[in-house]
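Worksheet: one structure, shown below.
The numbers here are math on the coordinates, done by the rules we state, and not lab data. Since the structure is predicted, the reported quantities are computational estimates derived from the model, not experimental observations. Virtual Cβ from ideal backbone geometry, glycine too; neighbours counted across all protein chains shown.
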Amino acid sequence: MRPFGQDFEFARALGMQMVERGDGRCTMAIDIEPQRHFSPQGAAHGGVAYSLADTAMGGALTSLLPDDQWCATLEIKFNYHIRVGEGRLTCEAQVLHRGKRVANIEAKLHQDGRLVSSANGNFAIFAAPGS
């Protein structure tokens, strides 16, 4: 596994790791640490799982885009199924449909072999600035 490059400090700050990416799919992971990722209620803050899914979904879509196109999240419907505790959280995202301007992507997050949350989102596709 390789860490994110220097150009995505947010993902690196949370500890996200790219596992695999290509052909409209992206798998990412994060090692949940209580002192770093937990809310006061003793579980991973929901924003950690959401951020992992959003980033993996963008990774899945950008694996299909040429260098002169970018994407941005339009909306994500996120479902929290069970508590996320300490340990590895993995997200698998895949593009379900790619149009000219909008793509639909799904993500499933697992911890210890259990589905902990799922997401479905729409992402805008647009020309990269300066292209």
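Length gained on full extension, Arg114 to Arg36: 25.9 nm, using 0.36 nm per residue less the C-alpha separation. Each residue, Leu64 and Arg88, gets one label point 7 Å from its Cα in the Cβ direction; the gap between the two is 2.8 nm. Placing dummy labels 7 Å off each Cα toward the beta-carbon, the span from Ala124 to Asp23 is 3.1 nm.
What base-10 log of the normalised intensity I(q)/I(0) is obtained for the chain from the Debye formula, alpha carbons as equal point scatterers, at q = 0.10, 0.13, 0.18 Å⁻¹? Here log10 of I(q) over I(0) equals -0.31, -0.51, -0.94. As a rough guide to protection, the peptides 125-131, 21-27 ranked by mean Cβ packing within 10 Å, highest first, stand as 21-27, 125-131. Near Leu14, within a Cβ-to-Cβ distance under 14 Å, what is the net charge of the other residues, with Lys and Arg +1 and Asp and Glu -1? Result for the local shell: -1.
The angle separating the long axis of helix 46-62 from the principal Cα axis of greatest extent in the chain is about 30 degrees. Taking the chain as a Gaussian network of alpha-carbon nodes connected by springs under 10 Å, the highest mean-square fluctuation of the residues Glu92, Glu106, Glu20 belongs to Glu20.
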